[in-house]
Amino acid sequence: MEQYVLLYGDKKPEDNICITNMFQNAEPIHLGWTDLDFNYNKKIIEKHIKEGTKQLIFSGLEIGWDKLIKDIKEKNPEIKIKVICNTQDSLLYYEYERENFFKLLALSKEGIIQDIAFLRKSQYETYQNLGYQCSYLKENYQLKEEKKVTIKLPDKKVDLGIYPLNYTWDKNIFNQLCIAKMMENCHLNYHNLDERMEDFLTTMEIDSSPDKIEKIEEKELISKLSKNDVVVATSFTEYVHPVFFISMELGIPCLIGNNSDFFEENDELKKYVVTNAEDNAIINAKMVKTMIENKEKIQKLYKIWKENYNHQAQKTMQDFINQ
């Protein structure tokens, strides 16, 4: 593959867990708030170009990076510049997302950005049909063998983990918390993002323990998720799934919403780990119970599915870099 460097910021640390796991040659840069940030980023990039880097891949288009990209391209027209889109049309509800996404499309139309990688196939097909130069990149994450742990079900209570990484509407937080109320002998471990979550659980009389994630990074997530027998991450919309991947790689079944391109219709694993009713705690509680009862089977199905998926994801990454 052509020599590249992936450049990423700290705006969306949950993205970084998956993206830097996929792209080993990666380096953090600053968000472009000030001229100091601009100059800092520029020095890093110039160093990579001097060392022979042929293409720059940005993880998202964050604030100020459009100015940086234009400056790079103007001074180094031979350098390929690509961007991995880190938002979805559903998230254009947020002003920050909308503004940066439209800048990304404009840079693509101007030919300054050579390729946009979309992590959702439908989004890729939409913008390809609109005439944008883009690729489909399968999101992935692989846990190192030495980090895997074996979790045993407790004799009495089931530990249910719910770890939303942002306190926003699309994370569907309170519908997820209700699942624990619909289960017998269940103890909820949850990422306490806001005091309203604790108030809700107290009012609902749900047996629970706040489990604050101090820093959203791989090591911290592994530590928190490892405490649980099953994990729920049924957000309404999503383009990266670090909680799902880390849980499943650890051997802990994880229920997700119907918000990914991971599975084919005939994949047996899908019926266990994907819900079509993200806002129905009764249905999802039943699914969680089924997951617990079939934990070993799910682990075996995941291993088979993941081996094939790893090959697919690797191919889309190579195609994107070689484009």
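Side notes on the structure shown:
- Selected residue (criterion: most open to solvent (accessible area, probe 1.4 Å)) from residues of region 66-84 that are touching a residue at least 40 places away in the same chain (Cβ under 8 Å) and of a type outside the set (Lys, Arg): ASP66
- Scan of region 1-15 for residues that are in contact with a Ser or Thr (Cβ under 7 Å, 6 or more places away or on another chain), open to solvent by 10 Å² or more (accessible area, probe 1.4 Å) and either assigned to a loop (DSSP other than H, G, I, E, B) or over 22 Å from ASN322 (Cα atoms) (or both), ordered by number: GLN3
- Against the conditions (1) without any contact (Cβ under 8 Å) to a residue 40 or more places away in the chain; (2) open to solvent by less than 10 Å² (accessible area, probe 1.4 Å), ASN172 satisfies every one except (1).
- Looking only at residues in region 265-281 that are in contact (Cβ under 8 Å) with a residue 40 or more places away in the chain and either closer than 16 Å to VAL230 by Cα or of a type in the set (Ser, Thr, Tyr) (or both), the one that is surrounded by the most Cβ atoms within 10 Å (Cβ to Cβ) is ALA281.
- All of GLN142, GLN114 fail the test of being modelled with pLDDT of 95 or more, within 30 Å of ILE79 (Cβ to Cβ) and touching a helix residue (DSSP H, G or I) at 6+ places or on another chain (Cβ under 7 Å), apart from GLN142.
- Qualifying position, being of a type in the set (Lys, Arg), over 19 Å from CYS18 (Cβ atoms) and open to solvent by 30 Å² or more (accessible area, probe 1.4 Å), among LYS295, LYS315, LYS289: LYS289
- Selection from region 175-186 of residues that are open to solvent by 50 Å² or more (accessible area, probe 1.4 Å), free of Cβ contacts under 8 Å to residues at least 40 places away in the same chain and on the phi < 0 side of the Ramachandran plot: GLU184
The values are calculated or read from the model by the stated rules, or taken from the named source; none is laboratory data. Computed from a predicted structure; not experimentally measured. Because the Cβ atoms are built from the backbone with ideal geometry, glycine has one as well, and the counts that use them run over all protein chains shown. For the accessible areas, the whole protein counts, side chains as well, though only heavy atoms, and no ligand, DNA or RNA atoms are used. Shrake-Rupley method; radii C 1.70, N 1.55, O 1.52, S 1.80 Å.
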